[in-house]
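The values are calculated or read from the model by the stated rules, or taken from the named source; none is laboratory data. Nothing here was measured: the structure is a model prediction, and the numbers come from that model. Neighbour counts run over all protein chains shown; Cβ positions are idealised from the backbone, glycine included. These area figures cover heavy atoms from the full protein model, side chains too; ligands, DNA and RNA do not enter into them. Shrake-Rupley method; radii C 1.70, N 1.55, O 1.52, S 1.80 Å.
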Amino acid sequence: MSDETEGRRRFQTVRGTNDTLPDDQPYWDWVRAAAQSVAHRFGFKRIDTPVFEETALFVRTVGEGTDIVEKEMYTFTDRGDDLLTLRPEGTAPVCRAYIQHGMHTLPQPVRAFYITPIFRYERPQSGRLRQHNQFGIEAIGDPNPEIDAEVIHVLWSLFQELGLTNLTLHVNSIGDGDCRPQFLQSLRDYYSTRLDDVCEDCHTRYEKNALRLLDCKEERCQPVIAGAPTPADSLCDECAKHFTRLRSLLELWEIPYEITPRLVRGLDYYTRTVFEVHPAVEGSQTALGAGGRYDGLIEQLGGAPTPGVGFGSGIERIIMNLREAGLTPPESLSPRTDLYIVYLGESAHGHALRLAAELRHAGISVSLPTGSRSLRAQLRSAGAAHARYALIIGDDEVAKGTAALRDLDTSEQNDVSLDAEAIGAAITA
Ligand code: HAM
């Protein structure tokens, strides 16, 4: 590109990122409000952590052999030579905060939720972005399956509250430090005779991170995955009991689920419970929310052994599903302008400006045109602004101390006194 062309180039959002325009905001307000309300109902309080952290925080927890760490992190060296990464997921930062702020001294589990941007250098496609936003919760400090069930209940309640139906909850248990090694051995034994049938990446997974073999999305690996041993085959008694109890709680709370024996998830920190929620019709990238238990994570970060469980749910994907299902935000989230002031003449303009200030101060939303425009143009703007009322002031009205208040839905028109209090009362009546 020549310097001249470059100088005139129009900028666009970076690939895989989106603008959220004013007309899209009601969907966002709706989902965020529902998420906060559900989180509060289950006792979760908001936590915010910085957008960037030390790179090592994610390498150590998400895991060296994962796609996130190997291929997807936005990592940079700052001017002080520190190696930093834009948050590629929300769990490790919350666990870092738990340790840093001595939150083990609070009543356990600590229940925290976040609504935050997440950055992953992925191949963008519908519902898969390089900057997306997650609503997530973490319950830290309780090993019991009641908490796993509660965390799943939060996610399920959010979807119910928004009216999303036709979703499938997949659950599995991938064991813990006691039984996982035995499972990984049986998985490697199985793959050792089938390496010719799987993709290049699976060869690396076989060497470095065998559990990830079950998560490969390559077509040619699917038949091998279909015959592979599952974590459930090797669960120790404690893990099996934990999983059975979780399932009975889901049944008690009438949360429908499917056991998906080869569900393993794309991050390394999980132990025991893992789960994902998918729409009924979907590709492989459309989980609406997902999570699990991570009993070793806090210890990996230098804290005392502390169990935890949580989920993350992509807000863009939720909104995509709401739109596809024809679900729209409540009207109260697209507030209308209460009053559009239309004026003709110098003196009317002065009154319009004064009234606008007084009415806005009283909490009424007001628009008024700038400059001088015809009455017809101003009334058209009032309609386009989707205002509830128009107040029409001409110099004659000013002389009489009145104005015409028109209900723009019914076209009914009445005179009101040219006084902020009277106009406010007429509008809010
Ligand atoms: P995750 O499965 O990587 O888990 O992401 C959670 C959710 O974020 C996904 O189910 C999806 O809805 C959304 N999501 C992920 N990547 C993208 C993307 N590129 N574009 C749009 N949406 C996306 C985690 O991040 C874990 N930290 C969840 C967790 C919390 N586990 C325990 N606590």
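With the checklist (1) closer than 30 Å to Glu54 by Cβ; (2) at pLDDT below 95; (3) within 16 Å of the ligand (Cβ to nearest atom) in hand, flag the one item Leu213 doesn't pass.
(3)
I need the full set of residues from the stretch 97-109 which are open to solvent by less than 30 Å² (accessible area, probe 1.4 Å), touching a residue at least 24 places away in the same chain (Cβ under 8 Å) and away from the ligand (no atom under 13 Å from the Cβ), in order please.
Across the stretch 97-109, the qualifying residue is only Ala97.
So which residues in the stretch 367-393 are over 13 Å from Leu353 (Cα atoms), touching a Phe, Trp or Tyr at 6+ places or on another chain (Cβ under 6 Å) and modelled with pLDDT of 90 or more?
Those that are over 13 Å from Leu353 (Cα atoms), touching a Phe, Trp or Tyr at 6+ places or on another chain (Cβ under 6 Å) and modelled with pLDDT of 90 or more: Ala387, Ala390.
Considering only residues that are small (Gly, Ala, Ser) and in contact with a helix residue (DSSP H, G or I) (Cβ under 7 Å, 6 or more places away or on another chain), which ones fall in the stretch 371-403?
Ala390, Gly394, Ala403
For the stretch 270-350, which fully contained strands (runs of 3 or more DSSP E) count at least 2 residues that are more than 24 Å from Tyr257 (Cβ to Cβ)?
Per the criteria, 339-344.
Mind checking which residues of the stretch 105-152 are part of a helix (DSSP H, G or I) and either at pLDDT below 95 or of a type outside the set (A, V, I, L, M, F, W, C) (or both)?
Those that are part of a helix (DSSP H, G or I) and either at pLDDT below 95 or of a type outside the set (A, V, I, L, M, F, W, C) (or both): Thr105, Pro145, Glu146, Asp148, Glu150.
I'm trying to understand the selection: among the residues of the stretch 78-93, which are farther than 15 Å from Arg60 by Cβ and not small (Gly, Ala, Ser)?
Listed by number, the residues that qualify are Asp78, Arg79, Asp81, Asp82, Leu86.
Which of the residues that make up the stretch 80-89 are within 16 Å of the ligand (Cβ to nearest atom) and either basic (Lys, Arg) or out of contact with any Asp or Glu (no Cβ under 8 Å at 6 or more places or on another chain) (or both)?
Answer for the stretch 80-89, where residues must be within 16 Å of the ligand (Cβ to nearest atom) and either basic (Lys, Arg) or out of contact with any Asp or Glu (no Cβ under 8 Å at 6 or more places or on another chain) (or both): Leu86, Arg87, Glu89.
Which numbered condition in (1) more than 9 Å from the ligand (Cβ to nearest atom); (2) among the hydroxyl-bearing types (Ser, Thr, Tyr); (3) surrounded by 15 or more Cβ atoms within 10 Å (Cβ to Cβ) is the only one that Thr77 fails?
(3)
Of everything in the stretch 114-171 that's among the aromatic types (Phe, Trp, Tyr) and within 13 Å of the ligand (Cβ to nearest atom), which residue is farthest from Thr328 (Cα to Cα)?
Tyr121
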